[in-house]
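Written below as structure tokens is the structure these notes are about.
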Amino acid sequence: MAEMSGQMPASAEGMDVLTRTPGAGTPESTSEKVVILPKMDDHDPATHAWADARFAADILAEHAHFFALLMPEELAAKERAEALRFQHSFAQLYDRIVADRPPERSDVKAFVAPLTEAIKPFIEYKARLGEAQSSGKLRSLVWPLFFDHTRHEAERWERRFDDLARGEPDFERGEVVKFWTNIMDEHARFVAHLLDPDEYELIEKAFSASNVFRKLSDDSVGGTVAALVAEPGTVVDSLVQHPEVDAVMSAVQTILDFKTQAVRDIEAGRIKSIIEPRLADHVRREALKFLNELKRAV
Ligand SMILES: [Fe+2]
Ligand SMILES: [Fe+2]
């Protein structure tokens, strides 16, 4: 891919290029992917459509890739082949989007249509295999919750592209907080269960982060108090590190810092785990997206 060699897509011009190290401009390792998003004051559905389509096509290709990695031929040959076909089709869409300029405003609907069409059968696949894995019909290494989690993400992308097709690029805080706090909670539990069982301290940290996000899904003083009561150390630390913002935003910033450090430690072999660096970077980018949407939300 052109941009992996340090060349930015032409459409990135005039948008924010977000890297692990703020302002670096280029990836620091082979598993870092840069996030390209419209400027904070940009309310043009066309630029949002391009940036979100680029982000989502890659995320969805990665979901398929992670499924394939967790589906040994011996256990799930047919499902693995299906996953690889999804990976291929989302990677093709990604390449097309990156080569494209943002659409005209009047063409947003047509621009996002191929992606929306590709998402529908992937949602169906995630639902079907989640069910099979839960009931024991499928014995892959993909947790049922991982099928559900990635399905919920795909369903939200579908809603997002429907909104953009209707010319609505803005985010609503209640929706953003409810959706992403749940995702952050689940990421933390995935991390806890993929760390080497000897990593006591990090496993505990991950569970504590999960508790905080579960409480903060109630985006009110009550939710903050509940988070504080459940995990006083974690919440106070994050408010001390990011005192300028509210409890949800400081928790998101803190989990982003945690994931950024974690992916570096995984790459360098300082953390023992079965977490693939690309999966670690994937959840980091999703935390970054949460933070970015939260800043835009009204
Ligand atoms: Fe994801
Ligand atoms: Fe996720």
Subject >> Qualifying residues in segment 152-178 (those that are within 11 Å of ligand 2 (Cβ to nearest atom) and not aliphatic (A, V, I, L, M)) - the one surrounded by the most Cβ atoms within 10 Å (Cβ to Cβ) >> reply: Glu153
Original post:
So which of Glu267, Glu293, Glu286, Glu244 ends up being farther than 18 Å from Ala188 by Cα, open to solvent by less than 20 Å² (accessible area, probe 1.4 Å) and among the charged types (D, E, K, R)?
Top reply: Glu293
Original post:
What is the one condition in (1) within 15 Å of ligand 1 (Cβ to nearest atom); (2) more than 21 Å from the chain's Cα centre (by Cα) that Leu60 does not satisfy?
Top reply: (2)
Subject >> Close pairs from segment 178-189: first modelled with pLDDT of 95 or more, partner within 11 Å of ligand 1 (Cβ to nearest atom) and open to solvent by 10 Å² or more (accessible area, probe 1.4 Å), Cβ under 6 Å, at least 6 apart >> reply: Phe179/Arg156; His187/Val283
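Give me the residue from segment 92-125 that is of a type in the set (Lys, Arg) and either part of a helix (DSSP H, G or I) or under 22 Å from the mean Cα position of the chain (by Cα) (or both) and, out of that set, farthest from Pro144 (Cα to Cα). It would help to see each step written out before you state the result.
The initial filter retains those residues of segment 92-125 that are of a type in the set (Lys, Arg), namely 96, 101, 105, 109, 120.
Narrowing the set further to residues that are either part of a helix (DSSP H, G or I) or under 22 Å from the mean Cα position of the chain (by Cα) (or both) leaves 96, 105, 109, 120.
On the way: Arg96: 32, Arg105: 39, Lys109: 33, Lys120: 19 Å.
Among those that are of a type in the set (Lys, Arg) and either part of a helix (DSSP H, G or I) or under 22 Å from the mean Cα position of the chain (by Cα) (or both), it is Arg105.
Looking at Ile97, Ile119, which is the one that is under 21 Å from Thr47 (Cβ atoms) and away from ligand 2 (no atom under 16 Å from the Cβ)? First the steps, then the outcome.
Values: Ile119 fails: away from ligand 2 (no atom under 16 Å from the Cβ).
Step by step, each of Ile97, Ile119 is checked, and only Ile97 is under 21 Å from Thr47 (Cβ atoms) and away from ligand 2 (no atom under 16 Å from the Cβ).
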**OP:** Return yes or no: is Thr181 over 25 Å from Arg151 (Cα atoms) and polar (S, T, N, Q)?
**Re:** no
**OP:** Run down Glu28, Glu74 and say which single residue is among the acidic types (Asp, Glu) and either in a helix (DSSP H, G or I) or closer than 29 Å to Asp148 by Cβ (or both).
**Re:** Glu74
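Output the residues belonging to segment 256-281 that are assigned to a loop (DSSP other than H, G, I, E, B) and not aliphatic (A, V, I, L, M). Quick ask: steps written out before the conclusion?
Let us first name the residues in segment 256-281 that are assigned to a loop (DSSP other than H, G, I, E, B), namely 268-272, 274-276.
Those that are assigned to a loop (DSSP other than H, G, I, E, B) and not aliphatic (A, V, I, L, M): Gly269, Arg270, Lys272, Glu276.
The values are calculated or read from the model by the stated rules, or taken from the named source; none is laboratory data. Keep in mind it's a predicted model, so treat the numbers as computed, not measured. All Cβ positions, even for glycine, are placed from backbone atoms using ideal geometry, and neighbour counts span all protein chains on display. The area values use the complete protein model at the heavy-atom level, side chains included, leaving out ligands, DNA and RNA. Shrake-Rupley method; radii C 1.70, N 1.55, O 1.52, S 1.80 Å.
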